[in-house]
Amino acid sequence: MKGVQRVDVGTLLQVTQALEAVLGPCFGPSGGQVLFTRDTGDVLITRDGQHILSSLRLDHPIARVLVECVSAHCDITGDGAKSFLLLLGALLRGIHGDCLRGVQVGRTARALLSFQTLVLDDVIGRSLFLHAPPLLLHSPTHLRALTDAYFRGKTASCHWAVLSRTACEFHQRWRCGPEGAGLALLSRHLPALLTAVPGLPVTRSRVLRGLLIHRDFAVLCPAAGAGPLRALAVSEPLQAPLAPPGVTLGLASAAQVRRCLEAGAQVADRAMASLCRLGVGLLLSGAKQSEPALALAQREGVSVLECVDPDELALFCQLAGAQLFAGHDWSLLGEEHVATVTFCKPVVLGPDRLAHVGFPEGRGLVPHSLVLCGPSPGLAEQCTTAFHGLFRMLQRVFEPVQSPHSQGPVQSPHSQGPVQSPHSQGPVQSPHSQGPVQSPHSQGPVQSPHSQGPVQSPHSQGPVQSPHSQGPSISDNAHLSTDGTETRGPPDRGEGPQALIRAPSRGEGPLCAGQSQNPLITEPKAEPELQTVDWVQNGKAPGGQPGVHFGNGKEEAWGSCALEAGAASSGVLIAAGSVLPAGGAFEFLLHHHLLQRASQCPCPDLRAACRLVAGAVLSLPRRLYPGRRFLEAQVHFLGPSGAVTPGQATRGLESLACKYQLLLSVLHTLTSLLSIDLILHAHVSSQEEPSEEEDEGKEGHGD
């Protein structure tokens, strides 16, 4: 059929590999940059994955969908565009190889949907959490390790150290504190706090105390820079308009014009009198002020900033502790609308002249503004974009990830009492306890895989026997869902890129409830149990140092945090601040634990999904460590020597929550793409459709 294109795994793989070829050379700390030239002659040099993808001219609809999904993921975590495509490409290569051996794509899609809720959440919440102790937000060295790893993958090798140091200084001067409220404010109002200055080297970037208002003074009085003065933020002009918007005022004579001007001047006089009554010396206006109003302000010694951005006005009021005055009834103006600023002066940054306002101390947060310099406008914009992503990432790091299946408080997996799983619907006992254990996501009692009794499959409605149990054998229906009905195809997904990456509304997917006779799926040998690193178990780092820490001070101990509370407390899947050493620790650990789960899983489809994801995640460290370095890195992270201090792990730290979100985004995007069968190319005609009257006329003429 004309205009119809069939989509199979090969097509998805070709499109993904084309995008992967563009971003692959930029991946990792040693990655390069991409140079774009526009028709206007502008040149853009960047290694930001999201920026690179958004700059491409893409014709294939699958490619455009992928770019939208990557952008939606980056809007959540602030980073991960290159890892997204590399991981997606590795998964598609594995699925394509299975298809060549006769495995159905629909079966793989259903298994991946079940994998997230039945395996991945439990591996993250129970296994990887033990290797990711919470980070201390107020520790400068901990924060620096996070920002170092982030900027190494975002900016050029000659700029990342300067930007990382500037970001840490900016965060510390705000005195955000460990509660995270200041970090949320920074992330929400960062566009008003950043100022890009092209034409200067990156090393000239600075942190300035106070707030930079991105407008020049309409009226500047000498008293503005002399010392503290009172400020007022308004959203309306001092002189009210003679007629409301959309209404034309007709004046028939010069006398009427004179009376209207006099009435407007009287309103401005009353407004200025109210300002003088409260001692206002600085007026920040969101609207354009009239010439008579500016003349009155000059006469009364009031400095005026007009046409201020609404976001900057709201931020000023929030930082100053004052209310924005809106309206023309100046009799309602009171002390609650007036704030005190320590200084107000003009500052020249590059070609622009801005207003610089300071705030008194004692309100908790200490406002500062960030000036980011770049030799060219494109590089300055790249630095600004990187900072936006950084604070989205930091906000994600220091927010706990709630388990979507938790119904109540959960104790540590090492406790001796009853424990509720982060994914369970009822009480669960510890794997180390002597009582029954309920499986993750399950709705009934489940015994340990090594127990002698029945085990209920996760999310299942009936009992499933453990491979080590003595009960009856499980059935041989590999395509049954959790409710016992046969599943015909992959489930529908939501519309749009946001729907592709968010968690499915139904927290459960099809689960195969028995063994399969598929000869392509074989049972691997059980791998040795991975030993928990010493500094997690006892708070001791190698060399006898107390905890894994960045400096010499004991107050910065990392490994000495109380892990007994764990990420499982209060239904939290990942605790706030959980981090891992950057450079492949997450991928190697996840690979190991997924292979262990595959060796213990009775379901062949879930077993295949575990192996598929376990092999795909290694594609990221293979890019970082080519050749023999890959095996050395794997031994380093999985062996006893993996318990290194972050000072030795020179690549810094990365967030467990962001890595988990990356996997979710890729898996949801992949399952949605696998459900696409056809692409319909709609052709829109440039000619107007004939009206009904014309059609009737043609029919009558033919008769």
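When ranked by the protection proxy of mean other Cβ atoms within 10 Å per residue, highest first, what sequence do the peptides 110-121, 324-335 form? Don't skip to the answer; put the middle values down first.
Values: 110-121: 25.4, 324-335: 13.1.
The peptides rank, most packed first, as 110-121, 324-335.
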- Message: Less than 12 Å Cβ to Cβ from His189, Lys/Arg counted +1 and Asp/Glu -1: what total charge do the surrounding residues give?
- Response: -2
- Message: Using amide H atoms built in the peptide plane, which far-off residues or other-chain residues are under 5 Å from Val338 H to H?
- Response: Gln323
- Item | Cα extents of the stretch 7-143 along the three principal axes, largest first (Å) | 52, 51, 24
- Message: From the protein chains alone at 1.4 Å, what is the descending order of accessible area for Val207, Val635, largest first?
- Response: Val635, Val207
- Note on the structure: Regression test value, accessible area per residue of the stretch 234-335, probe 1.4 Å, units Å², expected 50 Å²
- With θ set to phi - 60°, apply the Karplus curve 6.51 cos²θ - 1.76 cosθ + 1.60 along the stretch 210-215 and write out the HN-Hα couplings as whole Hz, x wherever there is a Gly or Pro. x, 10, 8, 8, 7, 8
- Query: Taking the mean number of other Cβ atoms within 10 Å as a proxy for protection, how do you rank 392-401, 347-356, 17-26 from highest to lowest?
  - Reply: 392-401, 17-26, 347-356
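Take the solvent-accessible surface of the protein heavy atoms, probe 1.4 Å, and return the percent of it on the stretch 197-351 that carbon and sulfur atoms account for. Can you show the working numbers first?
Details: 4290 of 7580 Å².
About 57 percent, which is the carbon plus sulfur part of the accessible surface.
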- Task: Beta carbons within 10 angstrom, averaged per residue: use that to sort the peptides 5-15, 68-78, 573-583, highest first.
- Result: 573-583, 68-78, 5-15
- Message: For Leu573, what residues show an amide H to amide H distance below 5 Å, using hydrogens built from the backbone and excluding near sequence neighbours?
- Response: Val401, Gln402, Ser403
- Which percent of Cα pairs goes in each bin when the distances of the stretch 110-171 are cut into 10 angstrom slices starting at zero? 19, 29, 24, 22, 5
- Residues whose placed amide H lies under 5 Å from that of Leu238, excluding near-sequence neighbours: Ser290
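The values are calculated or read from the model by the stated rules, or taken from the named source; none is laboratory data. None of the values given here were measured: they were computed from a predicted structure. With ideal geometry, Cβ positions are generated from the backbone for all residues, glycine too; neighbour counts draw on all protein chains shown. Protein only, heavy atoms only, side chains kept; ligands, DNA and RNA dropped before computing areas. Shrake-Rupley method; radii C 1.70, N 1.55, O 1.52, S 1.80 Å.
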